[in-house]
Structures are given as C-alpha cells and as structure tokens.
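Below is one structure, written out as structure tokens, with a few remarks after it.
The values are calculated or read from the model by the stated rules, or taken from the named source; none is laboratory data. Computed from a prediction, not measured in an experiment: that's the story for all the values here. Positions of Cβ are generated from backbone atoms using ideal geometry, with glycine treated the same way; all protein chains shown enter the neighbour counts. Quick note on the areas: whole protein, heavy atoms, side chains included, nothing else; ligands and nucleic acids left out. Shrake-Rupley method; radii C 1.70, N 1.55, O 1.52, S 1.80 Å.
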Amino acid sequence: MTNSAATSLPAGDAGEAARTAPAQRGGRVTFDDVGRTFETPDGQVCALREVGFTVEPGEIFGIIGRSGAGKSTLIRTVNGLERPTSGKVLVEDARGGVFDVGSLTVNELTLLRRDIGMIFQHFNLLSSKTVERNVGLPLRLAGASRADEARRVTELLALVGLSDKRGRYPRELSGGQKQRVGIARALARDPGILLCDEATSALDPETTLSILALLKDINRRLGLTIILITHEMEAIRQISDRVAVIEKGRIVEIGPVWKVFGDPQQPATRALLTPHANELPDDLAGRIAPLPSSDSAPVFDIIYTGAETGEPNLGAVFDVLGHDARLLHGTLDRIQGHAQGRLLVAAPAVPAHEATHVLALLKKLPPRAEIIGYVSGSL
Ligand SMILES: Nc1ncnc2c1ncn2[C@@H]1O[C@H](COP(=O)(O)OP(=O)(O)OP(=O)(O)O)[C@@H](O)[C@H]1O
C-alpha cells in the first residue's frame, strides 16, 4: 500500500467523467494505530488511542460507544476534519488510489472529500435554498454546468424518493425528508464512502426505519461503503454488517453484528447493548427465590447466541426439562439470519437435587444455560 497522497486522485475533465459514472464498489478505510489528543486548558484529552481496523469496500460498518467515547473524532479523521496525532488513516478509492488522510495538503483534501459524502444528525441544509439547490450545491461548487447539475439532481431526487419536492424549502419538509435531501446531497458527486454522524438520532422510530432502509438500498445498489456512528443500537442492528465498540478512545470489541450483539464479550459492549438484560418483570422477580423450597421449580435461563447450528430446538429443550415445563419470559430476535435471545423456563418435573445434572444435559443443546433460581406457586 502506498502511504503517500494524491497523485492518483482524478483531476480535470477525465476525473469528473470517472466520478459521474456509477461507483462499481466503495472505498476502503484503514485506521492504522490512530491516536488523537487534544490540548485543553485543563490538560491533555486523549480522544483516540491505538485504533486499528479496516472497513472493507461495500461494507456497512457501525461504530458505537457512549457519549464522549471518541466516535465523532474517529469518523472525522476519515475525511480530514480531524487529523490523527499519531498513526495513519488510509483511504483507498475504487480505482486503487491510497491516500494518507493526515498528510494531505488542503487542495488534496478537497479532492479526497469528493469521494467521501457525509450526513449529519441535524441535516445541515441551507434554509434559504430549495431542495434542488441544496442537492446541486456540491456539483455547482465543482463547476458542473447547469444542465449537468439539473440532470444529476433529477437522478438523486428519484433515488431518495423526493422527486416531487424539488422546488420546496427545507422548512417545508419533515425531518425524514430533510435527511433524504442530506443523503442526496452527500451522493451528488458519486462518492465511494458515505459517513453518517448520528444520521437518524433526530428522527422518530418509523422515519428512522425508512432512512435506514434507504441507506441499505443505496449501499446495495451503488456498492457504497457506509460508516455510521450512533448511540442507537437499533440502527446498527438493522443495517450494519460489522460493528466496532469504542470505549475511552479504544476499540474494545469488533465483529459481525450478529456475533457482537448475540454474545457481547466486553463489559462496555454489554452495558450498551443490554442495559436491562438482567432485569425481570417485577411480578416474576418477586416469585423467584435463590434457594429451592418444597413446592418450587428450578428456572433455567437459556441463551441463544446465534452461533448454534440451525434454529433453536424447543422440542429438545422440553425433552430435557420435561413436557410440563413452562415458558416464563423471553425474547428471540433475528440478526443477519441468526436467531438469538433468551428464554426463562421453569421445570416443575426437575427436582432441586437433580437441577445441576439437568443443567449439564441442557448445555449440550444450546451453548449457554444457567439456573437463576426457583419459582414457587402454581405454574
Ligand atoms: N476539539 C476538541 N477539543 C478538546 N477536546 C475534544 C475536542 N473534540 C473532542 N474532544 C474530547 O474528546 C473526547 C471524545 O469526543 P467525541 O466527540 O469524539 O466523542 P463521541 O463519542 O462522539 O461523543 P458524543 O456521542 O457525545 O458525540 C471527549 O472527551 C471530548 O470532550
């Protein structure tokens, strides 16, 4: 990989022609031991430490972390809005040109940013300009003719489902429509990478879903690489291929979404994903005791991480726990085709002194199970 800059960045008419052709595949982003510290009146703040991973072309890659973890700083290093104080951010475009973002001159950065679109939580639209003018702005700044701009705006508005809003102003649009304008504008110059900074955080749940569906559709149709930072786990779950968890500036966990969500390894990940995972409904919690009594039944907590082969086999569970076993509580979800979740099952047929033995049998079916207590009362 070349670490030096911009000789392969397209320039002039030939470059413009290449850029207006549909992207065949997205760009690749490599964080190579990236660190970023800020000098503040209160001393140094270390926002990123030893960050190292690669986002592959065409991936939708999510970055999650609590407030102040370093998400914004990290995503902003991709388009040079932040420069690393150590390490490198390398962006490889679809034509194989590799750019060391931190070492680019201002002019080179301007060129690189043509290949990197960005959308924001608060849309950042120009309120005095129509939808058409907002979307066409990057093209106009790049010197496109009026005719080329109008043609491209027509394509982009069709892509985001806003063809009928061409002459409207941002104030006349809903939040979801404004974000669609933001997406169209970000795609105006046919970038290979789209950065999404909390892009759905200001939207209601239904609109969020429609924007996520649009991003996924764009990713599939254009082959664009999408990097999204968010504190909304649902956004990641819905569309990301892989996810990285950032905590105090470090990447603490990274992997396919189904794996990280189904079987989080780090406390920071668990805190983000399942803050209420161990909470039971009050009525049930009140009935579960730590020790058995004469009329109680052991409660088995069965966890499907998604790594099991095939779908969860309830028949096999009931063969072990007895056919009068009762489902007390549970969730089951599907992420990227993997069924994962948790079932709490009471087994009146299992005497307390056999519970541990039965637990061992149960563990041979799904990979995780434990006894969380004993429930008494009629089942
Ligand atoms: N320009 C700056 N000057 C000083 N400190 C900064 C600057 N930018 C970010 N920081 C600090 O770096 C750390 C990471 O901030 P960052 O905004 O990247 O976190 P975040 O995960 O995006 O948070 P949020 O979800 O709240 O936006 C924080 O401690 C923040 O205060």
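Using amide H atoms built in the peptide plane, which far-off residues or other-chain residues are under 5 Å from ALA47 H to H?
Residues meeting the criterion, in which the H sits 1.01 Å from N, are ARG36, THR37, PHE38.
Stretch ARG95-LEU314 to full length: gain in nm at 0.36 nm per residue minus the Cα-Cα span?
73.8 nm
Ignoring ligands, DNA and RNA, please state the percent of accessible area on the chain from carbon and sulfur, probe 1.4 Å.
51 percent
Any chance you could tell me what percent of the C-alpha pair distances in the chain go past 33 Å?
Here the tail beyond 33 Å accounts for 43 percent of pairs.
Say R0 is 22 Å: what FRET efficiency, to the nearest 0.05, do ARG25 and ALA158 get from their beta-carbon distance?
On the way: r = 22 Å, r/R0 = 1.02.
Efficiency computed from Cβ-Cβ geometry: 0.50.
Work out from phi, with θ = phi - 60° and the Karplus expression 6.51 cos²θ - 1.76 cosθ + 1.60, the ³J(HN,Hα) of each residue of the range 219-230, listed in order in whole Hz, and give x for Gly and Pro.
For the range 219-230, the Karplus-derived couplings read 4, 6, 6, 9, x, 6, 7, 10, 10, 10, 10, 6 Hz, x marking Gly and Pro.
Could you check the simple spin-label distance between ASP282 and ALA213, using points 7 Å along Cα→Cβ, in nm with one decimal?
Rounded to a tenth, the inter-label distance reads 3.7 nm.
Can you give me the C-alpha center-to-center distance between the range 153-176 and the range 196-240, rounded to a whole angstrom?
If we compute the Cα centre of each part, the gap is 18 Å.
Rounded if a/c is under 1.5, else prolate if a/b beats b/c, else oblate: with a ≥ b ≥ c from the C-alpha gyration tensor eigenvalues square-rooted, which is the range 263-379?
oblate
Most mobile of THR274, THR40, THR208 per a Gaussian network model of the chain (Cα springs, under 10 Å)?
Highest fluctuation of the listed residues: THR40.
Once phi is turned into θ = phi - 60°, what whole-Hz ³J(HN,Hα) does the Karplus curve with 6.51, -1.76 and 1.60 give for every residue of the range 87-95, x standing for Gly and Pro?
x, 9, 10, 10, 10, 10, 8, 5, 9
Given the peptides 170-180, 307-317, 256-266, arrange them by the average over their residues of other C-beta atoms within 10 Å, most packed first.
256-266, 170-180, 307-317
Could you calculate the contour length gain from HIS329 to ARG250, that is, 0.36 nm times the residue separation minus the distance between their Cα atoms, to one decimal place in nm?
This chain segment gains 24.9 nm when fully extended.
Accessible area, 1.4 Å probe, largest first: how do TYR169, TYR304, TYR374 sort?
Ranking TYR169, TYR304, TYR374 by accessible area, largest first, yields TYR169, TYR374, TYR304.
Would you grab the residues whose amide H sits under 5 Å from the one on GLY322? Only those 5+ places off in sequence or on another chain, please, with H modelled 1.01 Å from N.
So GLY322 has HN proximity to no qualifying residue.
Projected area of the range 77-132, taken from the Cα convex hull and averaged over every viewing direction, in nm²? Could you put the intermediate results ahead of the total?
Working: hull surface 22.3 nm².
Projected over every direction and averaged, the Cα hull of the range 77-132 covers 5.6 nm².
Can you sort SER296, SER128, SER240 by solvent-accessible area, 1.4 Å probe, largest first?
I get SER128, SER296, SER240, largest accessible area first.
Hey, can you find the accessible area per residue of the range 282-376 for me, probe 1.4 Å, expressed in square angstrom? Intermediate values should be presented prior to the final figure.
Values: 5060 Å² over 95 residues.
Normalised by residue count, the accessible surface of the range 282-376 is 53 Å².
Quick one: Cα convex hull volume of the range 158-283, Å³ per residue?
Dividing the Cα hull volume of the range 158-283 by its residue count gives 148 Å³.
Using heavy-atom solvent-accessible surface (probe 1.4 Å) with all chains present, what is the largest-first order of LYS88, LYS363, LYS165?
LYS363, LYS88, LYS165
Return one number: the angle in degrees, 0 to 90 and rounded to the nearest 10, between the long axis of the Cα atoms of helix 131-141 and the longest principal axis of the Cα atoms of the chain.
60 degrees
If r is the Cβ-Cβ distance from THR40 to THR356 and R0 is 51 Å, what FRET efficiency results, to the nearest 0.05?
0.40
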